[in-house]
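Asker: Quick one: the structure is below, and I'll ask about it shortly.
The values are calculated or read from the model by the stated rules, or taken from the named source; none is laboratory data. All of these numbers come straight from a predicted model, not from anything done at the bench. Glycine gets a Cβ as well: all are built from the backbone with ideal geometry, and neighbour counts include every protein chain shown.
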Amino acid sequence: MAGYKPVAIQTYPVLGEKITQDTLYWNNYKTPVQIKEFGAVSKVDFSPQPPYNYAVTASSRIHIYGRYSQEPIKTFSRFKDTAYCATFRQDGRLLVAGSEDGGVQLFDITGRAPLRHFEGHTKAVHTVDFTADKYHVVSGADDYTVKLWDIPNSKEILTFKEHSDYVRCGCASKLNPDLFVTGSYDHTLKMFDARTNKSVISVEHGQPVESVLLFPSGGLLVSAGGRYVKIWDVLKGGQLLVSLKNHHKTVTCLYLSSSGQRLLSGSLDRKVKIYSTTSYKVVHSFDYAASILSLALAHEDETIVVGMTNGILSVKHRKSEAKKDSLPRRRRPAYRTFIKGKNYMRQRDDILINRPSKKHLELYDRDLKNFRVSKALDRVLEPSCTIKTPEITVSIIKELNRRGVLANALAGRDEKEISRVLNFLIRNLSQPRFAPVLINAAEIIIDIYLPVIGQSPVVDKKFLLLQGLVEKEIDYQRELLETLGMMDMLFATMTRKESTSVWQHASDGFLENKKVES
Amino acid sequence: MVEEESVRVVRCGGSELNFRRAVFSADSKYIFCVSGDFVKVHSTATEECVHILQGHRNLVTGIQLNPNNHLQLYSCSFDGTVKLWDYVDGILIKTFVVGLKLHALFTLPSAEDSVFVIINKEKPDVFQLVSVKLPKSSSQEIEAKELSFVLDYINQSPKCIAFGNEGEYVAAVRDFYLSVYFFKKKTTSRFTLSSSRNKKHAKNNFTCVACHPKEDCIATGHKDGKIRLWRNFDDDKKYTYTCLHWHHDMVMDLAFSVTGTSLLSGGRESVLVEWRDATEKNKEFLPRLGATIEHISVSPAGDLFCTSHSDNKIIVIHRNLEASAVIQGLVKDSNIFTGLMVDPRTKALVLNGKPGHLQFYSLQHDKQLYNLDIIQQEYINDYGLIQIELTKAAFGCYGNWLATVEQRQEKETELELQMKLWMYNKKTQGFVLNTKVNMPHEDHITALCFCNAEKFENPTLVTSSKDGHFKVWILTDDSDIYKKAVGWTCDFVGSYHKYQATNCCFSEDGSLLAVSFEEIVTIWDSETWELKCTFCQRAGKIRHLCFGRLTCSKYLLGATENGILCCWNLLSCACKILFYYKVIWQSI
C-alpha cells in the first residue's frame, strides 16, 4: 500500500550567515583588483554607454579606466587644485567636473583640454551634474549657492541661494530637465525647479547631507548623512518614508543597482550595505580595507568599484557564467515519440491526470529498503559523507539502532573498515548534538571488538585516541560544573528575581550533557 | 433548563472484522465478514457496507456459503445457534439451535444436510470437530441436537482445520502433529514432527493448514516460517513432505487458489506470497500491506483474494496481485495513549491507529475517514523492537492546529522525545507538518493544552512535563523578504519548586492557566505569565484538571489519583469547597 518511507535526516540550524539569493548574487564576484590613486578617491562614475568606462576622481586628476584595464586609458590633469565629482553625460561623450578653486570644467572624452570653463562660484565646487535635457549643468559649491549653467553659451542661467551651508551633493532628475536635488551641510535637502527659480521641496535630514540619490522614476529620494540613510517620498511632498541606521559611521555614498531592486550605501565604517528597496532590510554587506568615499556599479552590476580614503580603488568583476559543458548526451527517443498526441485537443469533460512523479531514493535508503544494513552503513561512512554531512551518518546509525540491527551492521569489519568507523567517532563523539547516538555506537563497537584487541596496532591506536577523547571531555564537563557552581554562588548573593526559573533551566542543560558523557 | 432526554445508545465501530476469514459470494460481488454479533455484507467493488445481518446474541464465530444455494449464508455463534441468511435481501431464514458454544463452522457440498462445527465439551482446552445434522422443517427455529463426532483434541481456531479433495478427508493440526481423518475409510492418520526438545526444531509448531482442492496434498504453516507440503499421507509409512521457506516469522494463514495451481501465504511481514506450482523458485509478492496478515481467503470464482489484517482491515486483492479495495474498521492499537478525542472540524473520533498514525473515524458513518502519518518513518515489524510511540495529541484553535508528541525510550536515561505541530491546510483538506521540536522537555510530557479562547489571535500551547517545567509555545511569524513562514517557539518556561508538572488546563476565556504540580495546583496569568496563586489540598497527586464552563467558569475541578474530586472557587481563592467523591478511575 504505502511506499517505502525514507529515513528522516535530522536537520540542524545552520550557524552563521544565512544563504539567500542575495548572498549568492553578491558573493559571485572575483577577488578585487586594487589600483592605487594619488589621493582619496572622492568620486567614481560609470559611463552610461558601452564600453562602460568609468571616471575616477582623485586628488587633482581624473582617470578614465576601461572595463578590464588596470592602467588609466585617459587622464585629465589640467586642474590647479583638487578636482571633484567627474560625471559623464547620459550619452557618455562629455564629462563635467568641479574643482577646489571654484571652477567647473567640461571635457570632451576624446580631447584633452576643457571645452568649457564655467566661472562663477567663489569656493570649491563639490557637486556637478548634467540635467536630463543634456544641455545644462547643475553645480553646488561651498559658497552655499547652487548654479545652473547653459552649455552652448557657457553662461550662468540661475543661481539659488537658499542653502545656509556648504552644498556637497546633488543629483538631477533623469526624467524632468528642470528638476534637481541638492543636499547641504545645513542638514537640508532641497529640490529645485528651474522654471520657478526657487526650491519646491525642502526636507530636514537631521545631519549634514553627504549624498543624495533620486530613483529613476523620480518618485523617491534617498539621502545619506551622519549614520542615517533616509528615504523620502517626493510625490507626497517630501514625506519621510523610512530611516535606516545600519552603519556606525557617516554614510558617504549611495548607489542603486541596475535592476533598481537593491540600494547600496558605503560608509566610513569600511562597509558597503545592500538594502532591498521593497522592505528596506539589509540583505548583504561587504567589508573593505579602508573608509569608503565613493561607490559605483557598472551596467547590469557587472563591476563594483569602490574608492577609499587611502587612495585605493577596489574593482570587483562578476564571475562569468560557468559555461555548461556539452556532455555526451544519451540517445533520445525519436522525434515522433514527442509529437505523438501533441495536437490532441483537450475535451471539456476530460480529466487531466499528471504522471506521478517518480520518487528518488538516496543510495543508503535503497540499501535499507532491501535490508542491506552493513552496506548502508558503509555508504554513509564514505569520507565524502562523513566530512560534509555528518548528520546523515548519525541519522543512519540512529535508524539502524531503531531497527535493532546496529550490532549486526558494525560487526565483521576488517582493520580498514573499523578504523573508518572509529575515525568518525573520534571526530564527532564530543559534539553534543551527536553524542547520545554515537556513545551508544561506541559502546557496541567496544563490546564487539574487545576480544580481538591487540591484533592490529592501527585499531589499537584509534581506541586509545577515543579513550583520551572521552577522558578529556569528562574533565571539560567537570570544569564546566565548577564554573556553574561559582556562577550559582554569585547569583545566590544577588537579590532574588523572578527570572530565576529561567536560569535553572539553562543549568539543567549542562547537567544533561554531563550525564550523557559519563 | 434543558429538558432531559432519554439516553439513546448507538453502537458504532469497534468490532473486529478480522476475527474470522472473510467469505466471498459465489459471483464475487459481495464479501462477508464477521463483526461482533453481526455479519456485514460489503460490496467488493465499492467497499460500501450493503447489509448488516443481525440476530445473533453473541459473537459470530463462523460464516460459510450454503453449498446447495449460493444465495444463502450459514453463520454460527457463541450463543449456540446456526443461522441461515438470505444475504441479497438481508433477512434471516432459519435458526438451528445446537445449544453448545460453537467455535467455528464448515460446510461441505458432499454432506448436504449437515454442517461441521467446533465445540468444546468437557475440559476448557479440548475441542472437538463434530458434524451437526440440520433437520428439514418449515418452522423458523429448529432444534438440531443430532451430533456425530469426527475428530477430537483439535485446535479451536478454524485455521487449523481444512477439508480436502471435495470432502474426502479432513486435516487438523495442533502443536506438533497433523491428523487426517478419511471419511470413506473412517480412519485417522497422525503425523508428528520432532518436538520442542531439539533446539533446532524448537519452533516446529503447526499454525495453520490448507488442503489442495483437487489433489491429495496438504499444506501446513509453521511457527518458524516454513510451509510444508504433505503428500502420500494415506499411507502411514510412505508419506513425504517438501519445505517452502520464505517467511522469517510465523506463517499466519495459507490458502490454495481455486484451481490449486498456486498457494498463498502471509504472516507478520505483511507480505502476501504467492507460490506458483508449489515450488520455492516460482513466487510472487505483494508487499507493504500495512499490518500482519491474519487470514487469507479466496473467492469461489477464483478472481479475487482477500487478506484480513491485524489492524482491523480487509484488503480485496485482484488475481494479478493488485489491491483493489480496502474495508477498514476502527483500528485498535495495543495502547491508546492519546485517549479519545474529537476533531472539532470533522467531528470524527481521533485516537491512535496503526503504529505511528492517528486515525480519524467518523462515528456518523461508521467508517474511517483517514489516517494521519505522524511518525513518518518506515515501520519495522519485528518482535522485541522498541518502537516510537505516539503518546499525546491535542487539537487547538477549532481544529486548525494539531500537536502531537512521540517518544522512544530504550534505556532509563535515553529518552527520545519529539513534538510536532501540524497546521490544517484548507486546500488539501488535511494536516501539514509545520514545526518539529526535538526534546521539547527533558522528561516525559504529561499533558498538552491549547488555548481555545477567541480573543487570543495568537495560538498558544502549553506542555507540562515530568522534568518539573511547563512550557508555553506560541506561533511566531518567521517571514522575511524571501519567504513567508510561521513556526512555533518557546515563549515561557515555568516551574514550581522542582515538582513534576502533572497536568495543565486553560480557562474558557484563556485568561488563566492552571498547572498542577503533583499535589499542588498553580494558577498563572496568561498575559504576563505571573504566578497568581496556589492551591494545595494534600489529597494526592492531581491527575486531571478542568475549568468550569459558561456559568460555572469560576470553579476549577481537579481529580486526584486516589479518587478524590476537588473543587476550588477562583473568586474567593482562599475559600475552598471540597467534595469528596470516590471515583473509580478507569485507565484512560
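Asker: Search the range A:1-30 for residues that are more than 9 Å from chain B (Cβ to nearest Cβ) and in contact (Cβ under 8 Å) with a residue 12 or more places away in the chain and pair each with any residue that is in a loop (DSSP other than H, G, I, E, B) and among the charged types (D, E, K, R) when their beta-carbon atoms are under 6 Å apart and the residues are at least 6 apart or on different chains.
Answerer: A:Asn28/A:Lys319; A:Lys30/A:Lys319
Asker: Sticking with this structure for a sec: Examine the range B:10-30 for a residue that is assigned to a strand (DSSP E or B) and within 22 Å of B:Val130 (Cα to Cα), and state whether such a residue exists.
Answerer: For the range B:10-30, residues assigned to a strand (DSSP E or B) and within 22 Å of B:Val130 (Cα to Cα): present.
Asker: From (1) surrounded by fewer than 16 Cβ atoms within 10 Å (Cβ to Cβ); (2) within 14 Å of chain B (Cβ to nearest Cβ), pick out the condition that doesn't hold for A:Lys36.
Answerer: Evaluating A:Lys36 over (1) surrounded by fewer than 16 Cβ atoms within 10 Å (Cβ to Cβ); (2) within 14 Å of chain B (Cβ to nearest Cβ) leaves (2) as the failure.
Asker: I've got another one for you. Do the conditions hold for A:Ile351, that is, is it modelled with pLDDT of 80 or more, outside the structural domain of A:Gly260 (by the TED database) and β-branched (Val, Ile, Thr)?
Answerer: For A:Ile351, the condition - modelled with pLDDT of 80 or more, outside the structural domain of A:Gly260 (by the TED database) and β-branched (Val, Ile, Thr) - is met.
Asker: From the list B:Leu448, B:Leu475, B:Leu461, which one is modelled with pLDDT of 90 or more, farther than 20 Å from B:Ile542 by Cα, assigned by the TED database to the domain that holds B:Lys541 and not charged (D, E, K, R)?
Answerer: One residue alone meets the criteria, B:Leu461.
Asker: Related question: Out of the range B:555-570, which residues are closer than 17 Å to B:Phe506 by Cβ, buried (at least 17 other Cβ atoms within 10 Å of the Cβ) and of a type outside the set (A, V, I, L, M, F, W, C)?
Answerer: B:Gly558
Asker: Please state which one of B:Ala172, B:Ala162 is among the aliphatic types (A, V, I, L, M) and out of contact with any helix residue (DSSP H, G or I) (no Cβ under 9 Å at 6 or more places or on another chain).
Answerer: Going through B:Ala172, B:Ala162 in turn, just one is among the aliphatic types (A, V, I, L, M) and out of contact with any helix residue (DSSP H, G or I) (no Cβ under 9 Å at 6 or more places or on another chain): B:Ala162.
Asker: Can I ask one more? Collect the residues in the range A:285-304 that are part of a loop (DSSP other than H, G, I, E, B) and without any contact (Cβ under 8 Å) to a residue 60 or more places away in the chain, keeping them in residue-number order.
Answerer: A:Tyr288, A:Ala289, A:Ala290, A:Ser291
Asker: Right, another one. Out of the range A:9-35, which residues are modelled with pLDDT of 85 or more and in a loop (DSSP other than H, G, I, E, B)?
Answerer: A:Ile9, A:Asn28, A:Lys30, A:Thr31, A:Pro32
Asker: Shifting gears a bit: Just checking, how many residues over the range A:36-70 are part of a loop (DSSP other than H, G, I, E, B) and within 15 Å of A:Val305 (Cβ to Cβ)?
Answerer: 12
Asker: What residue, among those in the range B:41-58 that are in a loop (DSSP other than H, G, I, E, B) and among the polar types (S, T, N, Q), is nearest to B:Ile317 (Cα to Cα)?
Answerer: Looking at the filtered set, the residue picked out is B:Thr44.
Asker: Right, next: Among the helices (runs of 4 or more DSSP H) confined wholly to the range A:360-445, which include 2 or more residues that are farther than 24 Å from A:Val14 by Cβ and in contact (Cβ under 8 Å) with a residue 24 or more places away in the chain?
Answerer: A:363-369, A:373-380, A:390-402, A:406-410, A:415-428
Asker: Filter the strands (runs of 3 or more DSSP E) completely within the range A:118-160 down to those with at least 1 residues that are closer than 17 Å to A:Cys85 by Cα and among the aliphatic types (A, V, I, L, M).
Answerer: A:125-130, A:136-141, A:146-150
Asker: Only one of these is farther than 30 Å from A:Ile444 by Cα and either out of contact with any helix residue (DSSP H, G or I) (no Cβ under 9 Å at 6 or more places or on another chain) or modelled with pLDDT of 90 or more (or both): A:Leu400, A:Leu313. Name it.
Answerer: Of the residues listed, the single one that is farther than 30 Å from A:Ile444 by Cα and either out of contact with any helix residue (DSSP H, G or I) (no Cβ under 9 Å at 6 or more places or on another chain) or modelled with pLDDT of 90 or more (or both) is A:Leu313.
Asker: Under 9 Å between Cβ atoms, which residue pairs at least 6 apart in sequence (or on different chains) link something in the range A:265-284 that is more than 29 Å from A:Ala40 (Cβ to Cβ) and at the interface with chain B (Cβ under 10 Å from one of its Cβ atoms) with a partner that is modelled with pLDDT under 95 and in a loop (DSSP other than H, G, I, E, B)?
Answerer: From residues that are more than 29 Å from A:Ala40 (Cβ to Cβ) and at the interface with chain B (Cβ under 10 Å from one of its Cβ atoms), the pairs are A:Ser276/A:Gln261; A:Ser276/B:Ile481; A:Thr278/A:Gln261; A:Thr278/B:Ile481; A:Ser279/B:Asp480; A:Ser279/B:Ile481; A:Lys281/B:Asp480; A:Lys281/B:Ile481.
Residue by residue, here is whether (1) loosely packed, with under 15 Cβ neighbours inside 10 Å; (2) closer than 22 Å to B:Cys451 by Cβ; (3) touching a residue at least 60 places away in the same chain (Cβ under 8 Å) holds:
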{"site": "B:Asp478", "(1), (2), (3)": "yes, yes, no"}
{"site": "B:Val515", "(1), (2), (3)": "no, yes, no"}
{"site": "B:Gln537", "(1), (2), (3)": "no, no, no"}
{"site": "B:Gly548", "(1), (2), (3)": "no, yes, no"}
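Asker: Pick from B:Ala144, B:Ala104: which is of a type outside the set (S, T, N, Q) and touching a Lys or Arg at 6+ places or on another chain (Cβ under 7 Å)?
Answerer: Residue meeting the stated conditions: B:Ala144.
Asker: Out of B:Asp249, B:Asp236, B:Asp224, B:Asp216, which single residue is touching a Ser or Thr at 6+ places or on another chain (Cβ under 6 Å) and assigned to a loop (DSSP other than H, G, I, E, B)?
Answerer: B:Asp236
Asker: Here is a check on your reading of the model: is A:Glu479 assigned to a helix (DSSP H, G or I), at pLDDT 90 or above and not assigned by the TED database to the domain that holds A:Asn423?
Answerer: yes
Asker: Mind listing whichever residues of the range B:378-387 are at negative phi and surrounded by fewer than 19 Cβ atoms within 10 Å (Cβ to Cβ)?
Answerer: B:Ile380, B:Asn381, B:Asp382, B:Tyr383, B:Leu385, B:Ile386, B:Gln387
Asker: Among the candidates B:Leu363, B:Leu340, B:Leu421, B:Leu351, single out the residue that is closer than 25 Å to B:Cys12 by Cβ and either crowded, with 17+ Cβ neighbours inside 10 Å or of a type in the set (D, E, K, R) (or both).
Answerer: Criteria check complete, one pass: B:Leu351.
Asker: Can you tell me which residue is nearest to the other protein chains (Cβ to nearest Cβ) among those in the range B:513-538 that are under 30 Å from B:Val432 (Cβ atoms) and assigned to a loop (DSSP other than H, G, I, E, B)?
Answerer: If we take residues in the range B:513-538 being under 30 Å from B:Val432 (Cβ atoms) and assigned to a loop (DSSP other than H, G, I, E, B), then B:Trp529 is nearest to the other protein chains (Cβ to nearest Cβ).
Asker: Do any strands (runs of 3 or more DSSP E) lying entirely in the range B:468-512 carry at least 2 residues that are within 14 Å of chain A (Cβ to nearest Cβ) and closer than 14 Å to B:Leu448 by Cβ, and which ones are they?
Answerer: Per the criteria, B:469-477.
Asker: In the range A:94-117, which residues are among the small types (Gly, Ala, Ser) and part of a strand (DSSP E or B)?
Answerer: Those that are among the small types (Gly, Ala, Ser) and part of a strand (DSSP E or B): A:Ala97, A:Gly98, A:Ser99.
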